[in-house]
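Asks: Quick one: structure below, then a few questions.
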Amino acid sequence: MPIINIKHASPLTADQADELIASLTDVYASVTQAKPEAIHVLIERVSADRWGVNGRALVHKNA
């Protein structure tokens, strides 16, 4: 059971999440020959104050 885990800092609409899930499933199945029904996709939202890049939280990126 493959699991594709996406961590995302900005909010996604339900349509965007649906498109990501479908697209990632299709690509993974195509590349690995896995059955789509066995592929799990998790999309987790991480708040900008809990995600850091280059030593700074994303919440401070444009500050």
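Asks: Of the residues that sit in the stretch 1-17 and are more than 11 Å from the chain's Cα centre (by Cα) and in a helix (DSSP H, G or I), which one is farthest from Gly52 (Cα to Cα)?
Replies: If we take residues in the stretch 1-17 being more than 11 Å from the chain's Cα centre (by Cα) and in a helix (DSSP H, G or I), then Asp15 is farthest from Gly52 (Cα to Cα).
Asks: Shifting gears a bit: Across the stretch 48-63, what is the total count of residues that are touching a strand residue (DSSP E or B) at 6+ places or on another chain (Cβ under 9 Å) and within 30 Å of Ala22 (Cα to Cα)?
Replies: Qualifying residue count for the region: 5.
Asks: Looking for something of a type in the set (Lys, Arg), at negative phi and touching a strand residue (DSSP E or B) at 6+ places or on another chain (Cβ under 9 Å) - is there at least one such residue anywhere in the stretch 6-23?
Replies: Taking every residue of the stretch 6-23 in turn, at least one turns out to be of a type in the set (Lys, Arg), at negative phi and touching a strand residue (DSSP E or B) at 6+ places or on another chain (Cβ under 9 Å).
Asks: What are the pairs, 6+ residues apart or on separate chains, where a residue within the stretch 6-25 that is over 24 Å from Ala57 (Cβ atoms) and among the β-branched types (Val, Ile, Thr) has its Cβ under 9 Å from a residue that is in a helix (DSSP H, G or I) and at pLDDT 95 or above?
Replies: Correct list of pairs: Thr25/Pro36.
Asks: Go through the residues of the stretch 31-44 one by one and say whether even a single one is surrounded by 11 or more Cβ atoms within 10 Å (Cβ to Cβ), charged (D, E, K, R), under 17 Å from the mean Cα position of the chain (by Cα) and at pLDDT 95 or above.
Replies: no
Asks: Give the residues of the stretch 21-63 that are outside any helix (DSSP H, G or I), touching a Leu at 6+ places or on another chain (Cβ under 8 Å) and charged (D, E, K, R), sorted by residue number.
Replies: Of everything in the stretch 21-63, just one residue is outside any helix (DSSP H, G or I), touching a Leu at 6+ places or on another chain (Cβ under 8 Å) and charged (D, E, K, R), namely Arg45.
The values are calculated or read from the model by the stated rules, or taken from the named source; none is laboratory data. Note that this is a predicted model, so its numbers are computed, not measured. Please note: Cβ atoms are built from the backbone with ideal geometry, for glycine as well, and neighbour counts cover all protein chains shown.
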